[in-house]
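Contents: one structure, followed by commentary.
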Amino acid sequence: MDISFEHVTHVYSPKTPFEKRALDDVSIHIPSGSFTSIIGHTGSGKSTLVQHINGILKPSNGTISIGDFVIKANEKKQNLKALREKVGFVFQYPEHQLFEETIIKDVCFGPMNFGVSDSEATKRAEESLKLVGLPSSFWHRSPFDLSGGQMRRVAIAGVLAIRPQAIILDEPTAGLDPRGREEILSLFKDLHKNLNMTIIMVTHNMSDAANYSDQVIVMDGGKPLMADTPQNVFAQAERLRKVGLDIPESMEFLKMLTEKTGERRTITAFTLDETADAIIDILNGGKEHV
Amino acid sequence: MEKIIEVSGLSYRYTEEHPWVLKDINFTVNKGEWLSIVGHNGSGKSTLAKCLNGLILPQRGIVRVGGYNTADEKTIWDVRRLVGMVFQNPDNQFVGATVQDDVAFGMENHGLPREEMIKRLSEALRLVKMDSFAKSEPHRLSGGQKQRVAIAGIVALQPLIIIMDEATSMLDPEGRKEIIQTVRALNKEHHLTVISITHDLEEAIHSDRLLVMNDGQIIREGQPRDIFKSTDLLKKIGLDLPFAIKLRNALRAKGVPLKDTALFQEELVDELWTFHSNM
Ligand SMILES: Nc1ncnc2c1ncn2[C@@H]1O[C@H](COP(=O)(O)OP(=O)(O)OP(=O)(O)O)[C@@H](O)[C@H]1O
Ligand SMILES: Nc1ncnc2c1ncn2[C@@H]1O[C@H](COP(=O)(O)OP(=O)(O)OP(=O)(O)O)[C@@H](O)[C@H]1O
Ligand SMILES: [Mg+2]
Ligand SMILES: [Mg+2]
């Protein structure tokens with residue numbers, strides 16, 4: 001299910017004093033089965049962009065295609081229910097998508113809404129809640145009696161239970177504790193690798209964008225500034241800094257070190273292991289690395 | 001040192017059907033210090049924060065803020081005036097129809113004179129870089145913009161104590177640095193007491209003191225440098241190590257003979273640099 005945007009513009013509250021052009025002539029391509037991260041400073045249009053992919057927002061101009069689904073400006077809405085069975089969405093603020101009486105009912109809602117039987121939905125719900133690390137002692141409680149990080153886990157479980165082909169995650173690790181972050185990110189990495197699921201993740205964590213994605217899209221003022229591999233995107237530290245972004249902390253560290261040793265070259269290293277190897281190279285007299 | 005908050009024997013559960021989520025909590029906060037609270041999801045950090053401004057009252061134990069017992073109805077407004085709280089989800093905090101109404105609302109409640117309100121309003125919005133959004137509706141902002149406005153609303157009140165419950169979790173890297181620097185300046189120059197609840201260990205290592213929560217209890221308390229020596233314990237309770245420590249350990253495993261002291265990235269850079277110069 002390839003996803004592409006062609007000349008998409010989105011204007012909030014048009015022809016009012018609040019008019020805001022949040023997307024401005026955006027054309028991007030997200031290949032089926034890819035892991036794409038979207039980065040950009042506050043207000044650059046990331047959430048607006050991804051909300052077009054499952055029809056929460058409609059374009060003011062342009063066309064979005066998601067596999068066979070085509071969403072065009074000024075055209076009647078497509079069968080959004082069928083689209084949402086294929087494309088799951090985890091909101092930036094998870095409490096916006098919780099509403100049932102109990103957590104387990106909340107997670108069952110998605111699959112049942114798409115015609116899955118009661119017992120199968122329960123099975124999937126239990127499986128998904130285990131995957132996101134919410135202990136079973138919580139399952140029969142209200143989803144509103146939870147801590148922030150626990151709510152986020154339930155919201156993610158709710159989307160996993162639908163078993164979509166693509167998942168959109170709007171800052172999925174905000175509010176998760178360090179172990180939770182790692183577990184949830186490797187969960188998505190596995191889904192991407194093993195089930196060929198398309199993952200689209202909005203994130204403010206440059207290291208996560210670098211370590212997990214095949215493609216990084218950089219948004220600035222409602223336009224895509226770059227769309228490339230993490231290696232190519234994060235090699236451009238100056239350009240990223242100009243738009244309020246950064247390089248991953250591993251590269252930041254190498255930069256501090258090479259500034260001292262006087263080498264002044266950009267080393268692209270994302271994992272701890274790569275970073276340690278690059279440092280050892282520097283200590284050994286700066287042999288070319290990477 | 002002057003104790004601005006004193007918590008003793010605090011226990012709390014949301015209802016009788018629910019389990020105890022704070023269990024016999026004891027600690028104090030010094031005036032003007034930067035205290036960070038870390039802990040796994042559901043360990044009780046936000047519940048504890050709500051006890052510190054009297055939003056919820058202990059079922060056992062006592063919470064004193066600036067000498068006032070939070071359970072005393074007569075002085076609850078004095079407590080609220082001392083403690084400004086930025087909530088984990090800013091949506092729960094907005095009351096005004098526009099950004100400027102929202103920030104002004106808190107000040108009106110505190111009975112500030114009009115001129116002073118106008119002055120503080122524009123200062124606070126400028127500090128968080130939201131001045132151009134003064135007339136926007138809060139619910140029409142992006143996630144990070146909402147967090148900035150929520151912070152402005154509290155900064156404008158100039159409380160003695162600020163509690164930030166994951167208040168910068170949705171800001172871009174630059175925005176996060178700026179906000180932390182702003183609050184740090186208030187902490188240093190105006191002796192603002194800061195309690196920061198965070199999952200960001202790179203932020204936590206810069207605090208004066210750290211509380212580690214696990215399942216409703218404080219299991220460690222002390223300076224970041226000491227706390228992060230307990231590698232195994234932290235891993236066991238779902239936490240992680242700061243970047244410099246992880247990198248240092250990776251380098252040691254590969255045979256680089258480093259000391260086991262570096263906590264800040266700058267320290268590790270210096271150590272590697274010395275090492276490099278002596279080779
Ligand atoms: N409902 C709305 N009405 C009017 N303007 C809006 C609305 N929602 C968002 N905006 C504006 O559109 C712009 C883009 O918002 P968006 O939520 O897409 O940003 P974002 O990149 O996701 O930011 P963040 O990192 O803070 O979440 C912002 O300037 C925001 O103020
Ligand atoms: N309104 C509520 N009713 C009942 N239980 C609640 C309520 N709010 C929170 N809890 C429970 O209390 C415990 C502590 O929650 P709290 O929100 O204080 O955790 P936290 O440390 O802030 O977690 P997080 O890092 O996820 O924000 C959790 O187990 C949670 O499920
Ligand atoms: Mg957003
Ligand atoms: Mg919390």
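The values are calculated or read from the model by the stated rules, or taken from the named source; none is laboratory data. Because the structure is a prediction, the values reported are computed rather than measured. Note that we place each Cβ from the backbone using ideal geometry, even for glycine, and neighbour counts take in every protein chain shown. Protein only, heavy atoms only, side chains kept; ligands, DNA and RNA dropped before computing areas. Shrake-Rupley method; radii C 1.70, N 1.55, O 1.52, S 1.80 Å.
What is the helix-to-structure angle for B:114-127, meaning the angle in degrees between its Cα long axis and the longest Cα principal axis of chain B, kept from 0 to 90 and rounded to the nearest 10? With rounding to tens, the tilt is 30 degrees.
The relative contact order of chain B comes to 22 percent, based on Cα pairs under 8 Å that sit 6 or more residues apart. Solvent-accessible area of B:Y14, all protein chains in place: 110 Å² (probe radius 1.4 Å, heavy atoms, ligands and nucleic acids excluded).
Taken over the C-alpha atoms, the protein assembly as shown has Rg and Dmax values of 24.2, 71 angstrom.
Taking segment B:64-103 and a reference point 7 angstrom along Cα→Cβ of B:H190, the backbone N atoms nearer than 12 Å belong to B:84. Surface analysis of chain B yields an accessible area of 45 Å² per residue, using protein heavy atoms and a 1.4 Å probe.
Remark: chain A is approximated by an ellipsoid whose semi-axes, taken from the C-alpha gyration tensor as √(5λ), come to 34, 26, 16 Å, largest first. Please give the solvent-accessible surface of B:H190 in Å², to the nearest 10, using a probe radius of 1.4 Å with every protein chain present. Approximately 130 Å² of B:H190 is accessible to the 1.4 Å probe.
Evaluated over the Cα positions of segment B:126-279, the convex hull gives a direction-averaged projected area, one quarter of its surface, of 12.1 nm².
Counting only other chains, what is the mean number of Cβ atoms within 10 angstrom of the Cβ of each residue in peptide B:173-181? Counting other chains' Cβ atoms within 10 Å and averaging over B:173-181 gives 4.
Using R0 = 25 Å, the C-beta based FRET efficiency linking B:N278 and A:R264 works out to 0.70. Principal-axis analysis of the Cα atoms of chain B puts helix B:99-109 at an angle of about 70° to the longest axis. Pairs from the table (A:K58/B:K177; A:K46/A:K81; A:K189/B:K146) lying more than 26 angstrom apart at Cα are A:K58/B:K177; A:K189/B:K146.
Computed from label points 7 Å out along Cα-Cβ, the spacing between B:D131 and A:E6 is 4.4 nm. Surface composition of chain B: carbon plus sulfur atoms hold 49% of the accessible area, using a 1.4 angstrom probe and ignoring ligands, DNA and RNA.
3J(HN,Hα) couplings calculated from phi for segment B:232-237 with the Karplus curve 6.51 cos²θ - 1.76 cosθ + 1.60 (θ = phi - 60°) are, in sequence order, 5, 4, 4, 4, 4, 9 Hz; Gly and Pro show x.
For segment B:3-241, the Kirkwood hydrodynamic radius from C-alpha pairs, put into Stokes-Einstein at 20 °C and a viscosity of 1.002 mPa s, yields a diffusion coefficient of 117 µm² per second.
Shielding by partners for peptide A:38-47, expressed as the average number of C-beta atoms from other protein chains within 10 Å of each residue's C-beta, is 5.
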